[in-house]
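Only one structure is covered here, and it is reproduced in the block below.
The values are calculated or read from the model by the stated rules, or taken from the named source; none is laboratory data. Not measured: the values here are computed from a predicted model. Here the Cβ positions follow ideal geometry from the backbone for every residue, glycine too, while neighbour counts run over all protein chains shown.
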Amino acid sequence: MIHAVVLIVRKLKYLLRRAVHDILFDILVVVVAVWLASGISFSIVEGVDVFTGLYWALVTMATVGYGDITPQTPMGKLIASLTIVAGIVSFTALVSVGAGRIVESAERKRLGYIHYRGRRHIVVIGWTPAAEAAIKELRMRGFRGDIVLVTEKPSAVVREARLEDVTIIRGDITRIDTLLRADVPHASMVIVSTDDDAKTVLAVLAVKALNPHARIVAEALHPENVQLIHKAGADIVVATRHLGGRMLANSLIEPGAAMLLEDISVFLGDRGVQIRELPAGPYAGKKYLDALLELRRKGITLVAVRRGGKLISNPSDDFMIREGDVLIVVVPVKAVEVVETRPTGTESG
């Protein structure tokens, strides 16, 4: 309890020191001083109560001038004249500086030079076609939390994509101070997609140092760097160019497989299919074949099981599903609600 009080006092002292050196605070102090001095002086000279004097001083300084209270003595008129001049000067300074702060804050936000504060948000590091697609996919999948984009590119370039509700942080994506402005220590997940695998490695290392518990998904431009990015701390590494090349080749040799991947990766409205994760829940303790048949009755196809950090693709028919497993399913877009409204199960990370 005492420790908490000491921390609060220190915080108040820190804020007070910052306020004392703030011109807006100085102007506000002058405005309050003029208001008090004018109101109290007017109440003494004109013989009214202090509340009435302060009310008169406020409407006079704000140049509202209702006329319900007017000075009757020469000294009162002198105080009124000085109050009008002081009020115009101080109020104008207060409004102009305050408006300037608001405009400056909006401009800094537009350019990406801000400090984001939040929790359980997603940070996307780097601005590439893959990063843009990832953000749009997150929104399409129904993620309504905060997304923070960290990029070295001008914010105007990013805004051309017309992303929905994305906070932009501009700076060197490999520097700790830039990532701190994105509040990486409190992020739940991080996507790293850059135009250079060396930058990706540095960014992953920095993220891992700031937030060891965040799930990190990274893009590798060259397949030989996948293991290196994994060692840097990425949980999942996707070699996009290598995958794209394989899809091109498969389109020639085995077009059906490529068409399926295209159907999954491209939004086709109600005609498409999606890959989703489904907690084992009621299927725990059942064989893979039994779970497969049960899900097929709902129009869902079970293709793999994730157990901890290991993916078990195309399990055998007698493979036993355990509590905590995650089922990887292919589901038509029309049946996505069946998956999204499922009972929440226990998931192992």
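Contact annotation: residue pairs with Cβ atoms under 7 Å, 6 or more positions apart or on different chains, pairing a residue in region 205-226 that is under 29 Å from Arg246 (Cα atoms) with a partner that is in a strand (DSSP E or B) and small (Gly, Ala, Ser), are Ala220/Ala239; Pro223/Ala239; Val226/Ala220; Val226/Ala239.
Checking the conditions here, which among Gly145, Gly171 is on the phi > 0 side of the Ramachandran plot and touching a residue at least 24 places away in the same chain (Cβ under 8 Å)? If you could, list the steps in order and put the result at the bottom.
On the way: Gly145 fails: on the phi > 0 side of the Ramachandran plot.
Being on the phi > 0 side of the Ramachandran plot and touching a residue at least 24 places away in the same chain (Cβ under 8 Å) holds for just one of Gly145, Gly171, which is Gly171.
The sole residue among Ile328, Ile264 that is of a type in the set (Val, Ile, Thr), at pLDDT 75 or above, surrounded by 12 or more Cβ atoms within 10 Å (Cβ to Cβ) and within 30 Å of Gly233 (Cβ to Cβ) is Ile328.
May I ask you to list the residues in region 307-323 that are charged (D, E, K, R) and at pLDDT 90 or above? Show your work before the answer.
Here is the first cut: in region 307-323, the residues charged (D, E, K, R) are 307, 310, 317-318, 322-323.
Passing the criteria: Arg307, Asp317, Asp318, Arg322, Glu323.
One residue stands out in region 227-252 among those that are at pLDDT 80 or above and among the hydrophobic types (A, V, I, L, M, F, W, C): the one that is surrounded by the fewest Cβ atoms within 10 Å (Cβ to Cβ), namely Ile236. Residues in region 288-336 that are within 22 Å of Gly142 (Cβ to Cβ), in contact (Cβ under 8 Å) with a residue 60 or more places away in the chain and not aliphatic (A, V, I, L, M): Pro332, Lys334. Scan region 224-246 for residues that are closer than 23 Å to Val184 by Cβ and not in a helix (DSSP H, G or I) and the total you get is 6.
As a summary of the residue check, Glu164 satisfies the conditions (1) closer than 22 Å to Gly145 by Cα; (2) modelled with pLDDT under 95; (3) crowded, with 17+ Cβ neighbours inside 10 Å except for the one numbered (3). Residues in region 79-93: is at least one aromatic (Phe, Trp, Tyr) and over 41 Å from the mean Cα position of the chain (by Cα)? No, region 79-93 contains no residue that is aromatic (Phe, Trp, Tyr) and over 41 Å from the mean Cα position of the chain (by Cα).
Of all residues assigned to region 114-126, none qualifies as being in a loop (DSSP other than H, G, I, E, B) and modelled with pLDDT under 80.
Among the residues of region 184-223, those that are crowded, with 16+ Cβ neighbours inside 10 Å, out of contact with any Lys or Arg (no Cβ under 6 Å at 6 or more places or on another chain) and either in a loop (DSSP other than H, G, I, E, B) or not assigned by TED's automatic domain parsing to the domain that holds Thr151 (or both) comprise Ala187, Ser193, Thr194, Asn211, Ala214.
Selection of region 278-287 for residues being part of a helix (DSSP H, G or I), touching a residue at least 60 places away in the same chain (Cβ under 8 Å) and either touching a helix residue (DSSP H, G or I) at 6+ places or on another chain (Cβ under 6 Å) or at negative phi (or both) yields only Pro282.
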